[in-house]
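The values are calculated or read from the model by the stated rules, or taken from the named source; none is laboratory data. From a predicted model like this one, the values you see are computed outputs, not experimental measurements. Quick reminder, even Gly has a Cβ in these numbers, built from the backbone with ideal geometry, and neighbours come from all protein chains shown. Keep in mind that these areas ignore ligands, DNA and RNA; they rest on the heavy atoms of the full protein, side chains included. Shrake-Rupley method; radii C 1.70, N 1.55, O 1.52, S 1.80 Å.
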Amino acid sequence: MARFLIKAFGPEAIVFDIASGDTHALSPLALALYSICLEQPGIALAEMHASAVACFDLATDEISFANTQDALTHLRRIGLLSTP
Amino acid sequence: MKLMQLTPVDLRRQLADSGVWLRTGPFSVRVRSCLPQVADGLSRLYGQFETRSPHEAFADFHVEINPPGLLRRWIRPQVSFSFDGEMPFKPLPLDQAYPMLEWGLNWCVSMHAHHYLVIHAGVVEKNGLAAILPAPPGSGKSTLTAALVLSGWRLLSDELTLIDRKTGLIHPLPRPVSLKNASIDLIRAFSADAHVTKPVHDTLKGSVAHMRPPRDSVRRQSEPARAGWVIFPKWQADAVTALTPRSRAETFMFLAQNAFNYSHLGSDGFRLGTAMIDTVDCYDFTYSRIDEAIAAFDHLADNIHDRAA
């Protein structure tokens with residue numbers, strides 16, 4: 001059985017962790033990064049950042065690299081992504 | 001029969017003896033008390049509610065509101081709330097007996113009604129759709145709820161939104177509306193139809209009074225409603241009346257954090273909550289004038305076909 005239940009509301013999502021009973025909100029950036037990781041497992045950080053920026057149709061500097069790293073840290077912390 | 005059909009003497013006698021059985025929404029409760037202020041409160045606020053013989057009818061909750069001991073009947077008199085013989089709260093001053101009964105009944109539902117997702121929020125209905133009003137204390141939730149139900153909206157509850165785990169529908173619990181501090185006089189002035197009890201002062205919540213639920217809301221207390229909106233009201237002095245769309249994800253997180261049993265229900269709570277959020281429109285609502293607030297809500301209810309969900 002899957003550990004997580006995910007429900008997207010437009011560009012955001014809510015995640016329920018069946019193992020812990022915790023509920024988390026995913027920002028649009030975190031949801032985009034999570035989707036990218038699912039579609040392209042093993043993708044490099046720089047490519048992931050570029051893909052995320054492209055998702056939002058923004059200029060590269062409108063989502064900083066630090067924003068991407070923070071969102072990835074959040075995804076790892078809640079268990080949606082694991083560090084290789 | 002209705003509670004109002006009991007004479008004051010019979011009501012007091014029955015309360016002190018076998019207790020008074022009442023139906024409130026999907027729950028039945030048996031209340032026992034020797035205190036005249038409890039009899040008076042029930043008589044003023046629950047007259048329209050169904051009552052039966054406590055010897056013959058099953059009750060979900062058996063509660064008592066009485067002095068904790070002989071000494072406390074005379075020296076700095078106090079009152080205790082008990083549920084199935086257990087006392088979940090510390091005693092309060094005697095003059096808070098009636099508010100304590102209402103708080104205790106809220107506790108009974110919020111701690112035990114796990115066949116519902118129970119959210120701390122007011123909820124009103126018009127034209128078949130319910131508006132859920134979650135908000136932190138002091139945001140004017142109960143005041144707005146009271147004004148809405150005095151203006152044609154149906155009271156489902158001013159404190160507890162009960163979402164049926166099987167159907168996702170909201171079940172009414174149209175008990176008295178708890179008013180605090182300035183909102184007591186505001187609601188009295190708002191409508192001649194408002195039946196508001198005498199305030200009890202110096203409670204933990206300040207001055208507290210209760211408004212009788214409208215007769216039609218009590219009559220329709222077995223009629224559930226579909227959720228239409230989740231609206232976060234906030235009263236602000238001089239604020240312009242404004243409904244602003246709000247993130248569904250944020251709204252869900254707030255509701256989950258303000259549900260009494262979301263964690264208890266596990267993945268069922270998540271599925272139920274997200275399914276509900278999928279079908280509603282979510283707004284922040286600021287207001288300073290109650291008449292404008294009512295007009296804004298009426299506009300929503302009268303334009304159901306314009307809903308985004």
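When you check A:ILE14 against the structure, is it over 10 Å from the mean Cα position of the chain (by Cα), more than 19 Å from A:THR68 (Cα to Cα) and within 14 Å of another protein chain (Cβ to nearest Cβ), yes or no? No; evaluated as a whole, the condition is false for this residue.
When each of B:ALA209, B:ALA293, B:ALA275, B:ALA227 is tested for being open to solvent by less than 20 Å² (accessible area, probe 1.4 Å), modelled with pLDDT of 95 or more and either outside any strand (DSSP E or B) or within 14 Å of chain A (Cβ to nearest Cβ) (or both), the lone residue that passes is B:ALA293. State which residue is farthest from the other protein chains (Cβ to nearest Cβ) when the search covers only the stretch B:261-270 and only residues that are touching a strand residue (DSSP E or B) at 6+ places or on another chain (Cβ under 7 Å) and more than 14 Å from B:SER110 (Cα to Cα). Per the stated criteria, the residue is B:GLY269.
Say whether the condition of being within 10 Å of chain A (Cβ to nearest Cβ) and part of a loop (DSSP other than H, G, I, E, B) is met by at least one residue in the stretch B:250-260. For the stretch B:250-260, residues within 10 Å of chain A (Cβ to nearest Cβ) and part of a loop (DSSP other than H, G, I, E, B): absent. Just one of the listed residues (B:LEU169, B:LEU156, B:LEU186) is surrounded by 20 or more Cβ atoms within 10 Å (Cβ to Cβ), of a type in the set (A, V, I, L, M) and in contact (Cβ under 8 Å) with a residue 24 or more places away in the chain, and it is B:LEU156. Per the listing B:SER53, B:SER151, B:SER139, B:SER110, the residue uniquely at pLDDT below 95, open to solvent by less than 60 Å² (accessible area, probe 1.4 Å), under 21 Å from B:HIS210 (Cα atoms) and not acidic (Asp, Glu) is B:SER139.
Number of residues in the stretch A:20-41 that are within 11 Å of chain B (Cβ to nearest Cβ), open to solvent by 40 Å² or more (accessible area, probe 1.4 Å), in a loop (DSSP other than H, G, I, E, B) and not charged (D, E, K, R): the value is 2.
Could you please find all residues in the stretch B:230-272 being open to solvent by 50 Å² or more (accessible area, probe 1.4 Å) and within 30 Å of B:LEU3 (Cβ to Cβ)?
Applying the first criterion (open to solvent by 50 Å² or more (accessible area, probe 1.4 Å)) to the stretch B:230-272 yields B:234-238, B:240, B:243-245, B:248, B:250, B:257, B:260, B:263-264, B:268, B:271.
Correct list: B:PHE260 only.
Among the residues of the stretch B:56-67, are any over 21 Å from the mean Cα position of the chain (by Cα) and hydrophobic (A, V, I, L, M, F, W, C)? Checked against the condition, which is being over 21 Å from the mean Cα position of the chain (by Cα) and hydrophobic (A, V, I, L, M, F, W, C), the stretch B:56-67 yields at least one hit.
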